[in-house]
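The values are calculated or read from the model by the stated rules, or taken from the named source; none is laboratory data. Since the structure is predicted, the reported quantities are computational estimates derived from the model, not experimental observations. Quick reminder, even Gly has a Cβ in these numbers, built from the backbone with ideal geometry, and neighbours come from all protein chains shown. Areas reflect the complete protein model, heavy atoms only, side chains present, ligands, DNA and RNA absent. Shrake-Rupley method; radii C 1.70, N 1.55, O 1.52, S 1.80 Å.
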Amino acid sequence: MKIPFVDLKAQYLSIQTDIDTAIANVISETAFIGGKYVESFERNFAAIYGVKHCISVANGTDSLYILLKMLGVGQGDEVITVANSWISSSETISQAGATPVFVDIDPDYYSINEQKIEQAITAKTKVIVPVHLHGQACDIDTIMAIANRHNLYVIEDCAQSHFSEYKGRRAGTIGIAGSFSFYPGKNLGAYGDAGCIITNDDELAVKVKMFARHGALKKHQHQIEGINSRLDGLQAAILDAKLPHILHWTDLRIKNAALYDKHLADIEDIILPKVRPESKHTFHLYVIRTEKRNQLAEFLKEQGIETAVHYPVALPNMKAYEYLGHSPADFPIASEYQDKILSLPLFPELSEAQIIYAAGKIKEFFANGYADRSVPANG
Ligand SMILES: *Cc1c(COP(=O)(O)O)cnc(C)c1O
């Protein structure tokens, strides 16, 4: 049996007619940039989230960058984010001219350790960018309380957490704004790059839209200098065709995660993902932890099972952040976990038979002592 890490083709085939029709319509109407398909997706995404504004942009990195810029972040400012994330969460802080300040992760939930945020705040701090990693919401109430005490904005990085919830409220609707990516492999994925910003703040909505459209809301009336960050018509129509299915697909992810939980339950050598109380984890990723990460990944690959690591090097340990002068000991949990975490295949169309097969192979790996074979570090 072969199990890919994700299977985008399976999802396409399940709604092929809708997707093909959507694409054909955009082309026959040459609605490539702006226009009704983009407006329709923005309206529908705002409606499903129950927020006032959805501003589509070119990708989930731009959405963070645009928000930081339009919240006034720049030279001399500091922005707090988490030590384990995709580099977009921190590079956009630097691109805005500010300095990223990393906080270690929570040992159970992998997201920013709220208890360590306050000690990272200085007079220069402007914004906190928590990342709802893997599909699991951060303890956003605690983060909001800290932000309010210190007069800071919170931008929620929701690139991995479409429709995740904390205490009945959706991730992305609690801070000043939510930043989304629709990269093809994300829970709601386009067929190319795509992203959006959601917010209930009228003034911020106007600013981010203007900045993303060359500083002009009306043609040739440039109020400021901006950038070009647009969702194109094809991606908008594809996302709109997928939107009616997203809550069902999210349920299937949660169901598949529960099946992994069940079939992996009695393996002592691995630690399964823990769901934060009173939250809805939407399992963008199903991440286990083991001392034998590299050996297990190698073994599973030989068995036709693709895995991945999110992420093999914590952000402050990367070459890009050498200039900050950190050592791995500054972020002990993120630095330890980067060698132990392993993401198993998880997507809505994954079958129980595939999950049982993968779980069986993991069991076999530990039971038969394969774990004791040596493989090169990072192999
Ligand atoms: C994917 C991702 C992004 C960036 O999204 P792109 O659309 O690829 O630019 C930002 N933050 C996190 C946590 C992500 O996983």
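Does the range 242-262 contain any residue that is under 18 Å from residue 42 (Cβ atoms), within 16 Å of the ligand (Cβ to nearest atom), open to solvent by less than 70 Å² (accessible area, probe 1.4 Å) and under 21 Å from the mean Cα position of the chain (by Cα)?
yes
One line per residue, one yes/no per condition, for (1) aromatic (Phe, Trp, Tyr); (2) more than 16 Å from the ligand (Cβ to nearest atom); (3) open to solvent by 20 Å² or more (accessible area, probe 1.4 Å):
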site: 133; (1), (2), (3): no, no, no
site: 139; (1), (2), (3): no, yes, yes
site: 144; (1), (2), (3): no, yes, yes
site: 165; (1), (2), (3): no, yes, yes
site: 175; (1), (2), (3): no, no, no
site: 184; (1), (2), (3): no, no, yes
site: 193; (1), (2), (3): no, no, yes
site: 200; (1), (2), (3): no, yes, yes
site: 203; (1), (2), (3): no, yes, yes
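Take the residues in the range 104-119 that are touching a helix residue (DSSP H, G or I) at 6+ places or on another chain (Cβ under 7 Å) and without any contact (Cβ under 8 Å) to a residue 60 or more places away in the chain; name whichever of them is nearest to the ligand (Cβ to nearest atom).
So, considering only residues that are touching a helix residue (DSSP H, G or I) at 6+ places or on another chain (Cβ under 7 Å) and without any contact (Cβ under 8 Å) to a residue 60 or more places away in the chain, the one nearest to the ligand (Cβ to nearest atom) is 111.
The rows are residues; the columns are (1) acidic (Asp, Glu); (2) open to solvent by 30 Å² or more (accessible area, probe 1.4 Å); (3) at pLDDT below 95; (4) out of contact with any Leu (no Cβ under 9 Å at 6 or more places or on another chain).
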residue	(1), (2), (3), (4)
300	no, no, no, no
307	no, yes, no, no
315	no, no, no, yes
323	no, yes, no, yes
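Every residue in the range 317-366 that is aliphatic (A, V, I, L, M) and part of a helix (DSSP H, G or I), please.
Hits for the range 317-366 are 320, 324, 329, 333, 334, 353, 355, 356, 358, 359, 362.
Residue check, residue 371 against (1) at pLDDT below 95; (2) open to solvent by 30 Å² or more (accessible area, probe 1.4 Å), all met but one. Which one?
(2)
What's the number of the condition residue 42 fails, among (1) charged (D, E, K, R); (2) out of contact with any Gly (no Cβ under 6 Å at 6 or more places or on another chain); (3) open to solvent by 30 Å² or more (accessible area, probe 1.4 Å)?
(3)
Search the range 46-92 for residues being away from the ligand (no atom under 12 Å from the Cβ) and of a type in the set (Val, Ile, Thr), and hand back the single one that is most open to solvent (accessible area, probe 1.4 Å).
So, considering only residues that are away from the ligand (no atom under 12 Å from the Cβ) and of a type in the set (Val, Ile, Thr), the one most open to solvent (accessible area, probe 1.4 Å) is 48.
For the range 267-275, indicate whether the set of residues that are part of a loop (DSSP other than H, G, I, E, B) and open to solvent by less than 20 Å² (accessible area, probe 1.4 Å) is non-empty.
yes
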